[in-house]
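Comments concern the structure below.
The values are calculated or read from the model by the stated rules, or taken from the named source; none is laboratory data. Please read all numbers here as calculations on a predicted model, not as lab measurements. Here Cβ is always computed from backbone atoms with ideal geometry, including for glycine, and neighbour counts include all displayed protein chains.
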Amino acid sequence: MLRVSNLSLAYDGEPVLEGASLEVGRGQFVSLVGPSGSGKSTILRAVMGLQSPSGGRIELAVDGAEIGILFQDDALLPWRTARQNVALGWRIRGRARREALEEAERWLARLGLEGFGDRYPRELSGGQRKRVAMAQVLALEPRLLLMDEPFASLDAIVRHRITEDLLGWVEREQLTVLLVTHDLEEAQTLSDVVYLLSQGPRARIRQRYEVPIPRPRDLVRSRMHPSFGPLLERLWHDMSQEVGGPEPVRPARDSDRRKAS
Amino acid sequence: MIWPLDKVWARQLLSLAVFLACWEALARGGVLDPFYAPPPSEVAHVLITVFADGTIWPHLQATFTAALLGLAFGLLIGIVLGFMGALVPFIAELLEPVMILLNAIPRVILAPLFVIWLGIGLGSKVALAFVLVAVLIFFAVYGGIREVDRRLVERVRTLGGGRWVLLREVYLPSVTAWVMGNLKVAVGFAFTGAVVGEFVASSRGLGYLLSFAQSTYNAALMLALVLMIMAFVLLLFVLAGHLERRLLRWRYR
């Protein structure tokens, strides 16, 4: 579905990426993790066409209209209601106004926002705004979903619920996903494959990890799968080598918690 | 009657009443010279008289015509130039230094020049009000477009929107917010331009009456005119506020 080969990219002459390569197969959920400033988001922006690479190739098996993008910021138009925001993609693609708004209302209901269509973004909570942004993207029925830490700004409970809904959606519709995240556990819980970027500048893909947890997945039970702990440890080890200095404190696993009690 | 003195407006109204009563008493008691500070009752009497005998109407018409025409042209040209400057770099290179210069000087000093160029009629007053408003609105639009939220632009682009969609969905609403935020200031500027223009040279208008009151040492008429201008500008502020809340209901609801 997506192949990035030897991608190089620079900001104002400063090289950020040099020779980064990764592949996202049809129906796969792939995560990209790495140290801060390694260029995770830059790869995504290059795939979106918002950043021009200085070298390498990006091959997509879908056209631009079949790609959905979720940013960290919900980036909803503040002067449009939730319904109008969701309908925006359809309006841009030439749907009649009334039809697009009706379709938008159905999508809001699907994402648990029935009755919120007339509200402006400032009248919604952070979680509700994120659901509107999701509805805006999913309403266009993308085949490839690109996400840049989309739920990072939400509190833990809201984040868990929205991630769970999104995971269910992705598995049901067999969407192909490329997720950028700094959260190794999230990457592992959601993904079939995790790529680790090396420390920047001149970052490249350091390692590729297969996640052998079967689907459909549950956000809590996936963490109890026998392969979860060892793989997380490997990821933390490799990441700490990239960052340099002492090994970062790894999060307590369920097995540790059981031992402690 | 018990005053609701826990309300801010009630305390403000009471303070104003006390101030006017003191002023009235001091002027009537001979402490204040009525030649310089005529009592409020005399100012009110002048106000009622100029409306009752109809002498004020042609002057009000002249000032309002100049101010509203200057405001309308200033808004129109300011918005068009702001858009052109923000979207076409070549035009920005030409316009920016001129606008920065015009913004840096107190633009009312252009009033005598407009009288030489356009005569003492309506044209010179409209021109001054126009320059005051157009420069303000140019910077509101120019800055508004250049500082538009890049995340919104990227969001619309990634949904497949081109230049026209960006203009309709992002730039125009964003600029409307900036212009509306400056509309009250623009109304004040338009009246400043009209009145100062009339004050410099004219045969009609509130500015002309102010000049007349000054030359005849008529402090009561002058205070009545100042109050009248304040009242009309406040009225326009209220109307501009209503328009702002209507057009930007996403911000106020």
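The set of residues from segment A:159-193 being surrounded by fewer than 17 Cβ atoms within 10 Å (Cβ to Cβ) and among the hydrophobic types (A, V, I, L, M, F, W, C) comprises just one member, A:169.
Here residue A:169 passes the criteria (1) assigned to a strand (DSSP E or B); (2) within 19 Å of residue A:127 (Cβ to Cβ); (3) out of contact with any Phe, Trp or Tyr (no Cβ under 9 Å at 6 or more places or on another chain) except the one numbered (1). Screening residue A:44 with (1) surrounded by 15 or more Cβ atoms within 10 Å (Cβ to Cβ); (2) out of contact with any Phe, Trp or Tyr (no Cβ under 9 Å at 6 or more places or on another chain); (3) at pLDDT 90 or above gives one miss only, at (3). Within the set B:196, B:156, B:200, B:141, the sole residue that is crowded, with 18+ Cβ neighbours inside 10 Å, of a type outside the set (Asp, Glu) and free of Cβ contacts under 8 Å to residues at least 24 places away in the same chain turns out to be B:156.
You will find that of A:107, A:90, the residue that is in contact (Cβ under 8 Å) with a residue 24 or more places away in the chain and either touching a strand residue (DSSP E or B) at 6+ places or on another chain (Cβ under 8 Å) or within 13 Å of chain B (Cβ to nearest Cβ) (or both) is A:90 and no other. For segment A:46-65, a residue qualifies if it is out of contact with any helix residue (DSSP H, G or I) (no Cβ under 8 Å at 6 or more places or on another chain) and in contact (Cβ under 8 Å) with a residue 24 or more places away in the chain, and the qualifying residues are A:46, A:47, A:54, A:55, A:56, A:57, A:59, A:61, A:62, A:65.
Only one of these is farther than 24 Å from residue B:58 by Cα, within 14 Å of chain A (Cβ to nearest Cβ) and either aliphatic (A, V, I, L, M) or part of a helix (DSSP H, G or I) (or both): B:135, B:153, B:141, B:185. Name it.
On the way: B:135 fails: within 14 Å of chain A (Cβ to nearest Cβ); B:141 fails: within 14 Å of chain A (Cβ to nearest Cβ); B:185 fails: within 14 Å of chain A (Cβ to nearest Cβ).
Of B:135, B:153, B:141, B:185, the one residue that is farther than 24 Å from residue B:58 by Cα, within 14 Å of chain A (Cβ to nearest Cβ) and either aliphatic (A, V, I, L, M) or part of a helix (DSSP H, G or I) (or both) is B:153.
Among all residues of segment A:173-184, there is none that is within 14 Å of another protein chain (Cβ to nearest Cβ), more than 25 Å from residue A:233 (Cβ to Cβ) and touching a Leu at 6+ places or on another chain (Cβ under 7 Å). No other residue among B:225, B:172, B:167, B:209 is within 12 Å of chain A (Cβ to nearest Cβ) and either over 30 Å from residue B:24 (Cβ atoms) or crowded, with 24+ Cβ neighbours inside 10 Å (or both) apart from B:172. When A:94, A:37 are screened for being among the small types (Gly, Ala, Ser) and farther than 21 Å from residue A:182 by Cα, only A:94 passes. Scanning segment A:60-83 for residues that are part of a helix (DSSP H, G or I) and surrounded by 21 or more Cβ atoms within 10 Å (Cβ to Cβ), we see that the one that is farthest from the other protein chains (Cβ to nearest Cβ) is A:83.
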